[in-house]
Amino acid sequence: MAEQSLCVKDLMRSSVITISSEAGLDRALLIMSRNRIRHLPVVEDEHKMIGIISDRDLRLSMKEMEQGPGTAPKGYYLPALTKVKSIMMKDVVTTRPDVPLAEAVGMMSDRKIGALPVVEDGKLVGIVTETDALRLLAKMLKEKGI
């Protein structure tokens with residue numbers, strides 16, 4: 001497929017791991033670490049996207065404890081009772097499957113975002129991440145012998 005004709009649907013991953021807005025932050029951390037992902041779309045019924053959280057959002061939500069259990073040193077923890085909806089970004093930049101890939105990747109670069117959820121008819125259908133874009137760039141450079 002020629003580079004000029006690539007669309008978001010050609011690069012996006014369509015099996016997207018998601019979370020509910022009512023889930024706890026500890027659950028979000030577990031999902032992200034187990035699946036080795038840095039962005040987690042937040043959805044309601046029928047895959048309607050309502051927000052997104054990132055690993056950075058979780059890090060910024062961590063609380064410091066003065067002293068751990070027993071003689072353990074102080075450390076950081078995620079408050080389990082805090083819900084995803086309290087930290088999720090609600091005004092999410094999204095794209096559609098038919099958008100030219102160059103436009104979508106340019107938007108990610110310009111806005112300094114690491115993941116671009118793909119939405120069609122109000123429902124989450126995929127995601128494109130900076131890692132996906134870098135893999136494609138590496139493949140294209142290798143094919144061109146650069």
Just to verify a number: FRET efficiency for K144 and S109, C-beta to C-beta distance, R0 = 22 Å, to 0.05? 0.60
Taking all protein chains as present, what is the carbon and sulfur share of the accessible area of the chain, in % to the nearest whole number, probe 1.4 Å? 52 percent
Just subtract the alpha-carbon distance of N35 and K63 from 0.36 nm times their residue separation and send over the number in nm, one decimal. 7.7 nm
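From the Cα trace of the stretch 77-146, what convex hull volume per residue do you get, rounded to a whole Å³? Provide the component values of the computation, followed by the final result.
Working: hull volume 9.8 nm³, N = 70.
Considering the Cα atoms of the stretch 77-146, their hull volume per residue is 140 Å³.
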Counting only residues 5 or more apart in sequence or on a different chain, those whose built amide H sits under 5 Å from that of G126 are V118
Counting only Cα, what are the radius of gyration and maximum Cα-Cα distance Dmax of the chain, in Å? 17.9, 61
When the helix-only estimate is applied to the chain (DSSP H runs of n ≥ 4, each -39,500 (n - 2.57), divided by the residue count), what is the mean residue ellipticity at 222 nm, nearest 500 deg cm²/dmol? -9000 deg cm²/dmol
D110 - accessible surface, heavy atoms, 1.4 Å probe, Å² rounded to 10: 130 Å²
GNM on the chain, Cα springs under 10 Å; top mean-square fluctuation among I37, I87, I53 goes to I37
Could you name the lysines in cross-link range of K85, using Cα to Cα under 16 Å and dropping any fewer than eight places away on the same chain? K48
Candidate aspartates and glutamates for bridging to K9, where Cα separation is under 13 Å - those fewer than 8 sequence places away on the same chain excluded: D98, E103, E120, D132
Show which aspartates and glutamates lie in cross-link reach of K144 when reach means a straight Cα distance below 13 angstrom and same-chain residues fewer than eight apart are skipped. E3
With every protein chain present, what is the per residue accessible area of the chain (1.4 Å probe, Å²)? 65 Å²
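The values are calculated or read from the model by the stated rules, or taken from the named source; none is laboratory data. Remember, predicted model here, so these are calculated numbers, not experimental data. Quick reminder, even Gly has a Cβ in these numbers, built from the backbone with ideal geometry, and neighbours come from all protein chains shown. Please note that ligands, DNA and RNA were not included when accessible areas were found on the heavy atoms of the full protein model with its side chains. Shrake-Rupley method; radii C 1.70, N 1.55, O 1.52, S 1.80 Å.
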